[in-house]
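Trainee: Take this structure first; my questions come after.
The values are calculated or read from the model by the stated rules, or taken from the named source; none is laboratory data. What you see is a predicted model; the values in this text were computed from it and never measured. No Cβ is skipped: glycine too gets one built from the backbone with ideal geometry, and neighbour counts run over all protein chains shown. For accessibility, only protein heavy atoms count, side chains too; no ligands or nucleic acids. Shrake-Rupley method; radii C 1.70, N 1.55, O 1.52, S 1.80 Å.
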Amino acid sequence: MTVESTAARKPRRSAGTKRTAAKKPPGAQPELVQLLTPEGKRVKNGEYDAYVADITPEELRGLYRDMVLTRRFDAEATSLQRQGELGLWASLLGQEAAQIGSGRATREDDYVFPTYREHGVAWCRGVDPTNLLGMFRGVNNGGWDPNSNNFHLYTIVIGSQTLHATGYAMGVAKDGADSAVIAYFGDGASSQGDVAESFTFSAVYNAPVVFFCQNNQWAISEPTERQSRVPLYQRAQGYGFPGVRVDGNDVLACLAVTKWALERARRGEGPTLVEAYTYRMGAHTTSDDPTKYRADEEREAWEAKDPIQRLRTYLEASNHADEGFFVELEAESEALGKRVREVVRAMPDPDHFAIFENVYADGHALVDEERAQFAAYQASFADEGEGK
């Protein structure tokens, strides 16, 4: 299997009639900030070119490597879940450019608040990808120290991390630091009250935070058009700060726009909403079947905009990468996949009684009672094994 072949993997066709997305309202398709077309051609943009003007061929190869290895990791995680090794997995397939471009725009002292699909951003922040799998395997509560990489633990409650990010950014401003904060969320989360409250507080307090919305167009089975009558980036206008829509499958554009937004924040100019217009190529999670609500033709149209193939075409046309680079990367991808499988299957079972720890600061009689009941339940299996 080649590295790029994962993108071409198609879901099975549903025997029933699929529901297509609602008709888009007027103005729902504004012009995107784009620096690299789906055909892999570099285009100019007067406002954002400066943010990638000094990018080197080595850095371009690095962006390509990031996306390829992130996709491979994601594919392995999906396979592991199908094999019963993970309880659940939220794939990022198709969203690699949005995550790698924005993730590489951050500085070491910036702080990142993810949801549960930001595997590419975690990669950019130096989090060992196998640590992400412990939570989905049920053996830990995250697996990494957020302060080691300035990358917060995954947030399952939809949209709540934007409040955490806003509060942290307000603290950064009060401390007089010149670092910035970035909060990731999806198009579905943009309808949550927590996100609206975050917009309000960040605007009023001029917090140095970038709200990075990955609009993959489907909040599980709900298309974006059933959540908003305007493009999502335009919501920022009502709160008094700028919003911009970027081609989420263009890693260069995502890098440039996020750099611009983070620099605004560091200069004390307040929040920005970045809407990365992309597409979820796979299921919402491995418990979902997108063929029941999404047309195959829609997915096929987005396959032609694949972010990895787009950058590869540009690298080859610009003579920035030779065949040897791609061969070596394929071998590195295979090695990563092997390591992920080995590490996950070697993860030890968690302490069954850890769930009762840190529930209350000073302990609680009810928790003690529940712990005793659970201990008796566990002991009953040992009794059965001994034939008692």
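Trainee: Which of the residues that make up segment 278-309 are part of a helix (DSSP H, G or I), crowded, with 17+ Cβ neighbours inside 10 Å and either in contact with a Pro (Cβ under 7 Å, 6 or more places away or on another chain) or small (G, A, S) (or both)?
Mentor: Result: P290, T291.
Trainee: Looking at segment 135-161, which of its residues are out of contact with any Gly (no Cβ under 8 Å at 6 or more places or on another chain), in a loop (DSSP other than H, G, I, E, B) and open to solvent by less than 50 Å² (accessible area, probe 1.4 Å)?
Mentor: V139, W144, N150, T155
Trainee: On to the next question. Since E275 meets every condition but one in (1) charged (D, E, K, R); (2) open to solvent by less than 10 Å² (accessible area, probe 1.4 Å); (3) assigned to a loop (DSSP other than H, G, I, E, B), which condition does it not meet?
Mentor: With respect to (1) charged (D, E, K, R); (2) open to solvent by less than 10 Å² (accessible area, probe 1.4 Å); (3) assigned to a loop (DSSP other than H, G, I, E, B), E275 is out only on (3).
Trainee: Every residue in segment 310-325 that is in contact (Cβ under 8 Å) with a residue 24 or more places away in the chain and not in a helix (DSSP H, G or I), please.
Mentor: S318, H320, A321
Trainee: Could you say whether any residue in segment 71-87 is part of a loop (DSSP other than H, G, I, E, B), modelled with pLDDT of 95 or more and in contact with a strand residue (DSSP E or B) (Cβ under 8 Å, 6 or more places away or on another chain)?
Mentor: No, there is no match, as no residue in segment 71-87 is part of a loop (DSSP other than H, G, I, E, B), modelled with pLDDT of 95 or more and in contact with a strand residue (DSSP E or B) (Cβ under 8 Å, 6 or more places away or on another chain).
Trainee: Counting only residues that are among the aromatic types (F, W, Y) and at pLDDT 95 or above, which one in segment 316-359 is least open to solvent (accessible area, probe 1.4 Å)?
Mentor: Narrowing segment 316-359 to residues among the aromatic types (F, W, Y): 325-326, 353, 356.
Narrowing further to those that are at pLDDT 95 or above: 325-326.
On the way: F325: 40, F326: 17 Å².
Per the criteria, the residue is F326.
Trainee: Follow-up. Can you spot a residue in segment 258-276 that is at pLDDT below 95 and among the aliphatic types (A, V, I, L, M)?
Mentor: Residues of segment 258-276 that are at pLDDT below 95, as a first pass: none.
Checking segment 258-276: not a single residue is at pLDDT below 95 and among the aliphatic types (A, V, I, L, M).
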